[in-house]
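Visitor: Okay, handing you the structure first.
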There are 2 protein chains.
Amino acid sequence: MGQAGGAGVLFATMGAMDLAVTSDSVIQPYHPPRPSDFTLPGKKAKRVVVLGAGVAGLACAYELGKAGYDCVVVEAQDHVGGRNFTVRGGTKHADLNGDTQTAAFGAGRYFNAGPARIAQWMITLDYCRELGVPLEVFVNVNADAYFYQEQSGMTKPARRRALRSDMYGYISELLAKATDQGALDQQMSADDKDSLLNFLSNFGRIGKRIPNDRARSWQYTGGPQRGYNTWPGATGTPGVLAGPPLSLSTVFGYEIGEELSFETDFEQSMVMLQPVGGMDAIPLALAKAVGAEKIKLSSPVTSVTNNPDRVSVAYKDANGAPQQIEADFCIATLPPNVLAKLTHNLGPDVQRGLTTFTQVAASKIGLEYKSRWWESDHRIYGGITETDLDLGQIWYPSDGFHSPGGVLVGYYNTDDDAKTYARLRPPERLERALAGGVKIHGPKHRTELANSFSIAWSVAPFIEGGWQNIPGGPQAPVFAPLNTAAGRVYFAGDWLSNEVSWQHGSFTSAQKAVTALHSRALAT
Amino acid sequence: MGQAGGAGVLFATMGAMDLAVTSDSVIQPYHPPRPSDFTLPGKKAKRVVVLGAGVAGLACAYELGKAGYDCVVVEAQDHVGGRNFTVRGGTKHADLNGDTQTAAFGAGRYFNAGPARIAQWMITLDYCRELGVPLEVFVNVNADAYFYQEQSGMTKPARRRALRSDMYGYISELLAKATDQGALDQQMSADDKDSLLNFLSNFGRIGKRIPNDRARSWQYTGGPQRGYNTWPGATGTPGVLAGPPLSLSTVFGYEIGEELSFETDFEQSMVMLQPVGGMDAIPLALAKAVGAEKIKLSSPVTSVTNNPDRVSVAYKDANGAPQQIEADFCIATLPPNVLAKLTHNLGPDVQRGLTTFTQVAASKIGLEYKSRWWESDHRIYGGITETDLDLGQIWYPSDGFHSPGGVLVGYYNTDDDAKTYARLRPPERLERALAGGVKIHGPKHRTELANSFSIAWSVAPFIEGGWQNIPGGPQAPVFAPLNTAAGRVYFAGDWLSNEVSWQHGSFTSAQKAVTALHSRALAT
């Protein structure tokens, strides 16, 4: 790792590297460009045109700016951030269906229409630290949020807590019985069996071995961890358990193993965080650091021409007039499907790479309510309800607890379900969101509604997708031309990373492109 | 439930009751006293003396105040809250060992020496709503916090994430093999087996069935959910997994089933919350609502005398002068071991109840650091590290992320370990906390320290214990005399509830005492 100083992210990285004793995870080393890189050798910083003011594009301009590059960022939309899009009162969105929505949310209310959570290991947090973006906890897992599996026969929602208890209980009972009956003697020593049985007792909250009674040994019969119908209170009120357990056939019949195990995913397990007041605090802080004068909004790119000595980028300015930028280098951060539609001379290998991606549809709706009935009536403070309705997930806000109202994510779905909602008009999406939500939360899901705002990323102009499918994976050879320069043109975006759809992918990809460009600029 | 209105908590309760459709949990019904209770019948509100300005005592005075009772609260310490005690710069604490500490924490830094988390189902939250105490998420479970089981042979800490993965993986592999080999055919249908195997695949991230290869079927071999040594980044950097799994013998040999299953406990599972800026926001808000003029601080009670027509309470005022209060009723909320030492005429059954409790020792230290190295170096944002050192737990702060420094809970232990620390002088406690912490976090646990403040509840004056052991449980007959009036004297506190050590217990017990007292006052 680096000899000399270097600010910000490197600092955090060095912190991690220093701690040789026990820290077991490190960020990929990265050396940001430094002011002295050009001043010391007496060279002039190069001019770079960045296509797209999403997180990757802004990060490129920000990092290059550390060494004094002359950057210009060209952005088709009237705001920075790309899919990092926070909707507030007054936010307008026109989609490719011809529908325009303007949010009427109350003051202080917001809806993160794109990314909405950051895992604690992600480099996104280092940018938040460096840029001074305040963070708070995002609740990704809530024991009291619901599952609603209508197609598997649920007639009312069940708490994650209760289902989890029943599944852990039954697997513990079954494995304890099998172990105790010697079914696994070939695989385990007597000591292992003892410690396994000890673990299962705690993990499944199962009963003890009962001598001469195999059936009733190690039995799972529910317990407080499933929840209560009436909570324990003062002496004399020990509480009424929300029992008994569901049957083994019922609970495993729901087939929610994948959804339940979400809570232990590398990307999804707690702790996760969010910027205070909306995710767009990140692109706004990046844009401020880059300098507003270097970002051309409402300026869709029309062509990219790689020349031996320069790159020419044509775009239409905010008045629709054609304009051209000449630069030493270009970093293209538009989604690959959008890039592929530009006029360019980057060659068939680049075009094949760009067109190999396919797009994952993703749709969301923000539902603003006059009261926080999910807190008062359901005792749910943040987290996610999982459904097998076409709604997909429902998210409860992780902030503003006990305030007069708030914004739920009324659906968050992908693929076919997201395409279904993309085809609907906004009022139809809302009606469908409410009809589904009422099944889970009861009438207040409809009656307390104040406002709504929906997004279908597959019909969002200049984006046209939630994120990318990467056939064969990011390291597949077809993408190699996108991971080196095509002449003077570099590429960056979460679609060129191992964390597609996460800002971590955008940032690490931006760092990679910046590193390659910068070392070339220094060498020439 | 109630015919007429009633404010605050009842409101929340009625909300819960209204939602007949799907809500499956309700708060125990409670009818707070109302102003009209006395004005309508033309009666005069009674005078009540409350012993102790902890959460239970303040809640009693607050609830009685709603109907205009003339309350006076007598408190031995110079601040309200009892064990709900938040330490900030300038906070002073003198203990029964003769040691006095004054905290030197920087501005905005705090340490919750007593209760520090609130589960989302707890009635404590309804009081926060009613009193306007702002809340934020408290991180109780963090996949990246550590386990350090020195006595079981760990030589360096392991992430919860990795241990959890290995344990879930092995139990899934073992149960899948046993199921597939027919060991459980008597207990499950073929359909059940299929859905169980499907669940185990997801839950344990195990491999598939491999035809004609039992040993390698359903095998657990680790995976991303265990964590990475180098995180996935840009294309070309897929990440380096954090090693192969530990062996089955090793991971179950740690015997951490109980600590791991903490995350699914009824009381401990997420979501949990904390008041912004310190837990004492709750007693401070209660005290403000009660009225400072009704709370006598630095006034230890010396005797309680029950008379046919009144209660007489003797205490020493802030100048040490003996004083006496006469009231219609008394609610005694001091810890039972402290109450038992007062001069009183409440009879042998009351005294037997009070002396049946035994005290659980609990100790904590707040360690203020100049930097948040646990975030930058360890990527830990809140949560708890579990150890088998006498430290017990180490807690990371859930707020102030990325700020220049912060306060860790350097140990939180109970019983014998807590008594060990209670016997030490504060500098000795600190040294022991640092020596243990360095084993887990490396040298910064010592070198970055700025200040510390320790509490040992067993030697805290007027409290003398962390919380109460309740032999036979709260409903045991020996406690019955404490759960009805002894003449004109009522009792309240978390020790008279089914949630001992939680503020929820204090509040529900206070509501019970207030309800009994009020219905008697209305009837006479």
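Visitor: If B:Lys294 satisfies every condition in (1) over 23 Å from the mean Cα position of the chain (by Cα); (2) under 30 Å from B:Pro397 (Cβ atoms) but one, which is the exception?
Guide: (2)
Visitor: From (1) within 14 Å of chain A (Cβ to nearest Cβ); (2) within 24 Å of B:Arg117 (Cα to Cα); (3) polar (S, T, N, Q), pick out the condition that doesn't hold for B:Ser363.
Guide: Checking B:Ser363 against (1) within 14 Å of chain A (Cβ to nearest Cβ); (2) within 24 Å of B:Arg117 (Cα to Cα); (3) polar (S, T, N, Q), the one that fails is (1).
Visitor: Something else now. Which of the residues belonging to the range B:133-167 are at the interface with another protein chain (Cβ under 7 Å from one of its Cβ atoms) and assigned to a loop (DSSP other than H, G, I, E, B)?
Guide: Scanning the range B:133-167 gives B:Val139, B:Val141, B:Asn142, B:Ala143, B:Asp144, B:Lys156, B:Pro157.
Visitor: Could you list, in sequence order, the residues of the range A:302-313 that are in a strand (DSSP E or B) and touching a residue at least 24 places away in the same chain (Cβ under 8 Å)? Spell out how you get there, then give the answer.
Guide: The initial filter retains those residues of the range A:302-313 that are in a strand (DSSP E or B), namely A:302-306, A:311-313.
Within the range A:302-313, A:Thr302, A:Ser303, A:Val304, A:Thr305, A:Asn306, A:Val311, A:Val313 qualify.
Visitor: Right, here's the next one. Just to verify a result, which residue in the range A:388-399, among those that are outside any loop (DSSP other than H, G, I, E, B) and in contact with an Asp or Glu (Cβ under 7 Å, 6 or more places away or on another chain), is nearest to A:Arg160 (Cα to Cα)? Quick ask: steps written out before the conclusion?
Guide: Applying the first criterion (outside any loop (DSSP other than H, G, I, E, B)) to the range A:388-399 yields A:392-396.
Those still in the list that are in contact with an Asp or Glu (Cβ under 7 Å, 6 or more places away or on another chain) too: A:392-393.
On the way: A:Gly392: 15, A:Gln393: 13 Å.
Top of the filtered list is A:Gln393.
Visitor: Does the range A:342-379 hold any residues that are under 22 Å from A:Leu58 (Cβ atoms) and part of a loop (DSSP other than H, G, I, E, B), and which are they?
Guide: Across the range A:342-379, the qualifying residues are A:Leu342, A:Phe357.
Visitor: For B:Ala361, all conditions in the list (1) small (Gly, Ala, Ser); (2) crowded, with 16+ Cβ neighbours inside 10 Å; (3) under 30 Å from B:Lys46 (Cα atoms) hold save one; what is the number of the exception?
Guide: In the conditions (1) small (Gly, Ala, Ser); (2) crowded, with 16+ Cβ neighbours inside 10 Å; (3) under 30 Å from B:Lys46 (Cα atoms), B:Ala361 misses (3) alone.
Visitor: I'm checking my understanding of the structure. Among residues of the range A:202-238 that are without any contact (Cβ under 8 Å) to a residue 60 or more places away in the chain, within 7 Å of chain B (Cβ to nearest Cβ) and closer than 27 Å to B:Ser152 by Cβ, which one is surrounded by the most Cβ atoms within 10 Å (Cβ to Cβ)? Don't jump to the end; show me each part of the working.
Guide: Going residue by residue through the range A:202-238, those that are without any contact (Cβ under 8 Å) to a residue 60 or more places away in the chain are A:202-224, A:228-238.
Narrowing further to those that are within 7 Å of chain B (Cβ to nearest Cβ): A:202-203, A:224, A:228-238.
Pick out the ones that are also closer than 27 Å to B:Ser152 by Cβ and you get A:202-203.
Working: A:Asn202: 18, A:Phe203: 23.
In this case the residue turns out to be A:Phe203.
Visitor: If you scan the range A:163-180, which residues turn out to be within 27 Å of the chain's Cα centre (by Cα) and open to solvent by 10 Å² or more (accessible area, probe 1.4 Å)? Even if it seems obvious, please write down each step before you answer.
Guide: Going residue by residue through the range A:163-180, those that are within 27 Å of the chain's Cα centre (by Cα) are A:163-164.
Of everything in the range A:163-180, just one residue is within 27 Å of the chain's Cα centre (by Cα) and open to solvent by 10 Å² or more (accessible area, probe 1.4 Å), namely A:Arg164.
Visitor: Additional query: Would you mind finding the one in B:Gly400, B:Gly437, B:Gly410, B:Gly406 that is touching a Gly at 6+ places or on another chain (Cβ under 7 Å), away from chain A (no Cβ under 14 Å), small (Gly, Ala, Ser) and under 24 Å from A:Met270 (Cα atoms)?
Guide: On the way: B:Gly400 fails: away from chain A (no Cβ under 14 Å); B:Gly437 fails: away from chain A (no Cβ under 14 Å); B:Gly406 fails: away from chain A (no Cβ under 14 Å).
It is B:Gly410.
Visitor: Check the range B:181-190 and report whether any residue there is within 21 Å of the chain's Cα centre (by Cα) and more than 7 Å from every other protein chain (Cβ to nearest Cβ). Walk me through it before giving the result.
Guide: Initial filter on the range B:181-190 (within 21 Å of the chain's Cα centre (by Cα)): none.
Looking for residues that are within 21 Å of the chain's Cα centre (by Cα) and more than 7 Å from every other protein chain (Cβ to nearest Cβ), one finds none in the range B:181-190, hence no.
Visitor: Any residue at all in the range A:240-250 that's in contact with a helix residue (DSSP H, G or I) (Cβ under 7 Å, 6 or more places away or on another chain) and over 30 Å from A:Ala178 (Cα atoms)?
Guide: As a first pass, look at the range A:240-250 and keep what is in contact with a helix residue (DSSP H, G or I) (Cβ under 7 Å, 6 or more places away or on another chain): A:241-243, A:245-246, A:248-249.
So of that shortlist, the ones also over 30 Å from A:Ala178 (Cα atoms) come out as none.
The answer is no; no qualifying residue exists.
Visitor: When you scan the range B:28-35, do you find a residue that is under 23 Å from the mean Cα position of the chain (by Cα), without any contact (Cβ under 8 Å) to a residue 24 or more places away in the chain and closer than 28 Å to A:Thr230 by Cβ, even just one?
Guide: No: zero hits.
Visitor: Related question: Considering (1) surrounded by fewer than 16 Cβ atoms within 10 Å (Cβ to Cβ); (2) closer than 25 Å to B:Gln225 by Cα, say which one B:Asp185 fails and leave the rest.
Guide: Only one criterion is unmet by B:Asp185, namely (2).
Visitor: Inside the range B:486-519, can you point out the residues that are open to solvent by 20 Å² or more (accessible area, probe 1.4 Å) and in contact (Cβ under 8 Å) with a residue 40 or more places away in the chain? Talk me through it step by step, then tell me what you get.
Guide: We begin by selecting, within the range B:486-519, every residue open to solvent by 20 Å² or more (accessible area, probe 1.4 Å); these are B:487-488, B:498, B:500-502, B:512, B:515-516, B:519.
Within the range B:486-519, B:Gly487, B:Arg488, B:Ser501, B:Trp502, B:Thr515 meet the criteria.
Visitor: Please enumerate the residues belonging to the range A:239-255 that are within 34 Å of the chain's Cα centre (by Cα), at the interface with another protein chain (Cβ under 8 Å from one of its Cβ atoms) and open to solvent by less than 30 Å² (accessible area, probe 1.4 Å).
Guide: A:Ala242, A:Leu248, A:Phe252
Visitor: Restricting attention to the range B:264-281, which residues are in contact with a helix residue (DSSP H, G or I) (Cβ under 9 Å, 6 or more places away or on another chain), at the interface with chain A (Cβ under 9 Å from one of its Cβ atoms) and buried (at least 19 other Cβ atoms within 10 Å of the Cβ)?
Guide: B:Thr264, B:Phe266, B:Ser269, B:Met270, B:Leu273
Visitor: Find all pairs meeting these conditions: Cβ atoms under 7 angstrom apart; at least six residues apart or on different chains; first residue within the range B:323-341 and in contact (Cβ under 8 Å) with a residue 60 or more places away in the chain; second residue surrounded by fewer than 17 Cβ atoms within 10 Å (Cβ to Cβ) and among the aromatic types (Phe, Trp, Tyr).
Guide: If the second residue must be surrounded by fewer than 17 Cβ atoms within 10 Å (Cβ to Cβ) and among the aromatic types (Phe, Trp, Tyr), the pairs left are B:Val338/B:Phe462.
Visitor: Of the conditions (1) assigned to a loop (DSSP other than H, G, I, E, B); (2) away from chain B (no Cβ under 14 Å); (3) open to solvent by 20 Å² or more (accessible area, probe 1.4 Å), A:Ser299 clears all except one; give me its number.
Guide: The single condition A:Ser299 does not satisfy is (3).
Visitor: With the range A:39-113 as the region, which strands (runs of 3 or more DSSP E) entirely inside it contain at least 3 residues that are surrounded by fewer than 24 Cβ atoms within 10 Å (Cβ to Cβ) and in contact with a Lys or Arg (Cβ under 9 Å, 6 or more places away or on another chain)? Let's see the steps before the verdict.
Guide: On the way: elements: A:47-51, A:70-74, A:92-94, A:100-102.
In the range A:39-113, the matching strands (runs of 3 or more DSSP E) lie at A:100-102.
Visitor: Please enumerate the residues belonging to the range A:404-439 that are within 19 Å of A:Leu449 (Cα to Cα) and open to solvent by 40 Å² or more (accessible area, probe 1.4 Å). Don't jump to the end; show me each part of the working.
Guide: Here is the first cut: in the range A:404-439, the ones within 19 Å of A:Leu449 (Cα to Cα) are A:404-412, A:425-439.
Within the range A:404-439, A:Pro404, A:Tyr412, A:Arg425, A:Pro427, A:Glu428, A:Glu431, A:Arg432, A:Ala435, A:Val438, A:Lys439 qualify.
Visitor: Given the structure, is B:Ala67 of a type in the set (Gly, Ala, Ser), within 14 Å of chain A (Cβ to nearest Cβ) and in contact with a Phe, Trp or Tyr (Cβ under 8 Å, 6 or more places away or on another chain)? Steps first, answer last, please.
Guide: Numbers: of a type in the set (Gly, Ala, Ser): yes; within 14 Å of chain A (Cβ to nearest Cβ): no; in contact with a Phe, Trp or Tyr (Cβ under 8 Å, 6 or more places away or on another chain): yes.
Against the criterion (of a type in the set (Gly, Ala, Ser), within 14 Å of chain A (Cβ to nearest Cβ) and in contact with a Phe, Trp or Tyr (Cβ under 8 Å, 6 or more places away or on another chain)), B:Ala67 does not qualify.
Visitor: Restrict the check to the range B:442-460 and report whether at least one residue is at negative phi, acidic (Asp, Glu) and surrounded by fewer than 24 Cβ atoms within 10 Å (Cβ to Cβ).
Guide: From the range B:442-460, those at negative phi are B:443-460; that's our starting set.
Narrowing further to those that are acidic (Asp, Glu): B:448.
Retained after the next criterion (residues that are surrounded by fewer than 24 Cβ atoms within 10 Å (Cβ to Cβ)): B:448.
Yes, because at least one residue in the range B:442-460 is at negative phi, acidic (Asp, Glu) and surrounded by fewer than 24 Cβ atoms within 10 Å (Cβ to Cβ).
Visitor: Counting only residues that are closer than 16 Å to B:Leu175 by Cβ and among the charged types (D, E, K, R), which one in the range A:191-201 is farthest from the other protein chains (Cβ to nearest Cβ)?
Guide: Checked the range A:191-201; the qualifying residue farthest from the other protein chains (Cβ to nearest Cβ) is A:Lys193.
The values are calculated or read from the model by the stated rules, or taken from the named source; none is laboratory data. Everything numeric here is computed off the predicted structure, so don't read it as measured data. Here Cβ is always computed from backbone atoms with ideal geometry, including for glycine, and neighbour counts include all displayed protein chains. To get the accessible areas, we keep the full protein, side chains included, count just its heavy atoms, and leave off ligands, DNA and RNA. Shrake-Rupley method; radii C 1.70, N 1.55, O 1.52, S 1.80 Å.
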